[in-house]
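Please read the structure below before turning to the comments.
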């Protein structure tokens with residue numbers, strides 16, 4: 001299972 | 001993870017190097033104003049979540065503030081040359097001829113087609129990711145035309161390229177360890193890294209090897 005993430009990168 | 005920390009540090013270093021070079025040499029020779037203005041726009045459209053209640057971490061917050069402030073500061077610094085050194089400024093404008101409305105339009109279309117959710121913040125986020133991937137093109141175009149770049153040190157380009165390169169490893173790391181994948185960021189990131197590879201190749205061919213022949 002692969003999830004689309006929150007924007008926690010720069 | 002280390003790839004991401006060093007990627008971010010490398011990005012910070014690139015901005016530091018650019019600012020230091022412009023301030024200490026008082027020269028903007030070879031720098032594309034358009035590329036720097038596009039980077040400022042990239043951070044302005046990406047970090048709008050600073051003004052919402054979305055909190056990631058102190059690290060994230062401070063870095064966002066720094067990237068926003070420094071990118072705007074670079075644009076202001078370059079603009080000051082308009083009165084401080086009109087000849088140098090005019091020379092830059094004459095060389096900085098890449099048509100950026102194609103990049104803006106292309107990124108807007110890409111942002112509208114590929115995004116995580118159909119909201120203003122998400123579309124602007126996606127726009128900023130696509131725009132960052134091509135924002136180096138005016139600089140690339142300028143360098144390939146002139147072959148001169150005193151202010152743009154090899155360190156600046158190396159640090160920027162390294163930042164993108166390390167982020168790819170960061171995504172592989174996160175895919176393996178967290179099953180996390182941000183498809184938009186990954187595809188745009190690969191495009192961007194490819195752009196930098198080309199930039200580095202041209203820089204090497206034109207500037208390093210070109211100047212080597214002129215050494216006394």
Close pairs (7 angstrom Cβ cut-off, 6 or more residues apart or separate chains): over 12 Å from residue B:121 (Cβ atoms) in region B:46-63, part of a loop (DSSP other than H, G, I, E, B) anywhere: B:56/A:8; B:60/A:8; B:63/A:10
Does residue B:24 meet the test of being farther than 19 Å from residue B:192 by Cβ and either away from chain A (no Cβ under 12 Å) or out of contact with any helix residue (DSSP H, G or I) (no Cβ under 6 Å at 6 or more places or on another chain) (or both)? yes
Between B:80, B:95, which is out of contact with any strand residue (DSSP E or B) (no Cβ under 7 Å at 6 or more places or on another chain) and free of Cβ contacts under 8 Å to residues at least 12 places away in the same chain? B:80
May I ask you to verify whether residue B:49 is within 17 Å of residue B:156 (Cα to Cα), assigned to a helix (DSSP H, G or I) and within 11 Å of chain A (Cβ to nearest Cβ)? no
Kindly provide the set of residues from region B:10-27 that are within 17 Å of residue B:160 (Cβ to Cβ) and either under 14 Å from the mean Cα position of the chain (by Cα) or not in a helix (DSSP H, G or I) (or both), ordered by number. B:10, B:11, B:12, B:13, B:14, B:15, B:16, B:17, B:18, B:19
Looking at B:87, B:74, B:15, which one is out of contact with any strand residue (DSSP E or B) (no Cβ under 6 Å at 6 or more places or on another chain), farther than 23 Å from residue B:171 by Cβ and buried (at least 17 other Cβ atoms within 10 Å of the Cβ)? B:74
Among the residues listed as B:98, B:127, the single one being surrounded by 16 or more Cβ atoms within 10 Å (Cβ to Cβ) and outside any helix (DSSP H, G or I): B:98
Filter region B:115-129 down to the residues that are more than 12 Å from chain A (Cβ to nearest Cβ) and touching a residue at least 60 places away in the same chain (Cβ under 8 Å) and list them by number. B:127
Within region B:143-162, identify whether any single residue is on the phi < 0 side of the Ramachandran plot, within 14 Å of another protein chain (Cβ to nearest Cβ) and either modelled with pLDDT of 90 or more or assigned to a helix (DSSP H, G or I) (or both), and answer yes or no. yes
Within region B:54-69, how many residues are closer than 15 Å to residue B:4 by Cβ, part of a loop (DSSP other than H, G, I, E, B) and touching a helix residue (DSSP H, G or I) at 6+ places or on another chain (Cβ under 9 Å)? 1
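The values are calculated or read from the model by the stated rules, or taken from the named source; none is laboratory data. These numbers were taken from a predicted model, which means no experiment stands behind them. Positions of Cβ are backbone-derived with ideal geometry, glycine not excepted, and every protein chain shown enters the neighbour counts.
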